[in-house]
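Here the structure comes first, spelled out in structure tokens, and everything after it is commentary.
Any read-out appearing in this document is the output of simple, stated calculations on the displayed coordinates, not a laboratory observation. Bear in mind the structure is a predicted one, so any value in this text is a computation, not a measurement. Cβ placement follows ideal geometry from the backbone for every residue including glycine, while neighbour counts extend to all protein chains displayed.
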Amino acid sequence: MSFELGKWKVVCDRCGFRMKNTDLRLEWTDLRVCQKCWDQKHPQLDVKGREDKQAPPWVRPEPTADAPITNDWDDF
């Protein structure tokens, strides 16, 4: 084995095989893995949720105990 400037022996974080440092890639899981072990990040992991409006568009105030509740429409 000859000397190569800027290369050294490393171990794949997933399979454990030894190889040169230039044969590894940095994965989205922050692991240095070989080409066979490299797994692309699934796009569904980057989906952001949207805020859900919980309040109704309009409401009526609660009736107080002082105001009588009647269904007599002849009062109008």
Per DSSP, the loop-located GluC sites (Glu not before Pro) within region 1-71 having at most 15 other beta carbons within 10 Å are Glu4, Glu51
Extend 7 Å from the Cα of Leu5 along its Cα-to-C-beta direction; within region 14-37, residues with backbone N under 20 Å of that point are 20-23
Label model pair Met19, Leu45: point-to-point distance (7 angstrom along the Cα→beta-carbon line) in nm is 1.9 nm
